1. Pulled fully out, how much extra length does the chain show between K63 and E167, if you take 0.36 nm times their separation in residues and subtract their Cα-Cα distance?
2. What is the Å³ per residue value for the convex hull set by the Cα atoms of segment 127-208?
3. With label points built 7 Å along Cα→Cβ from the Cα atoms of A207 and D174, find their separation and express it in nm.
4. Treating the beta-carbon of each Lys and Arg as +1 and of each Asp and Glu as -1, no other charges, what is the dipole magnitude of segment 116-208 about its Cα centre, to the nearest 20 debye?
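Rule-based calculations on the coordinates, nothing more; no lab input. Since we're looking at a predicted model, the values are computed, not measured. Please note: Cβ atoms are built from the backbone with ideal geometry, for glycine as well, and neighbour counts cover all protein chains shown.
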Amino acid sequence: MADSPSASGAPVIVAAPPTAESPQTGTPRAQAPAAAVPVAAGPSASPAPDAVAPVEISPPADKPLPDLTIDWADPLMHVASPTRVSVANSVAARFKSAAEQPGSAPQTELIMEAVSQHLPALPDLVLKRRPEEAAPASAGFFVRRAPVQKAEPWQPVYMRPIAGEIEALRRIVDWVNEVILDGHPGRQKTSRSEVVTAALDASYPAAS
């Protein structure tokens, strides 16, 4: 990662080209003082527009990802346990449409894959689906509320996870709660169904 010029004005050596993980400063590096960070002029030096840059969501530094190590050598971790989760109607419809395609993996695998794929972003995805989180900022001596909305109906989605997968989901739900409740004790705790719904909504988005 390339360092920025120091406050004292001393030149800084660029150890390596910027990577995708380098923070965006909002100022093209080509405009830095030539003595500190030399940048070759040319059309390729222009940064990509922010509109096309992927948004990466990472958990807080003090909230590392949960430990999902499962002892698969334990036969008990392979015992299947049929269960179901409640998923919002619109999300369930999109998911079932994809799951019913010929050659598709079983629903359980698709659900676990969605949760795994969006694991770091799950706290943010859960909150984005809550209408109360979209309320305007409070001003004065009272709190503004989000507009009242009729709750979307939910429907059951059946899955057949094994004990190890159930344990992993439990740890993930506990971790999401730890993140979203930190500094916000009044927030409602999440559930396995809400976490799965958020993951499926991100994996099978509505057509624009």
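1. Numbers: separation 104, 0.36 × 104 = 37.44 nm, distance 1.94 nm.
So the chain would gain 35.5 nm between K63 and E167.
2. Numbers: hull volume 10.9 nm³, N = 82.
Expressed per residue, the convex hull around the Cα atoms of segment 127-208 is 133 Å³.
3. 4.3
4. Details: 12 positive and 11 negative charges, 56 e Å.
The calculated dipole for segment 116-208 is roughly 260 debye.
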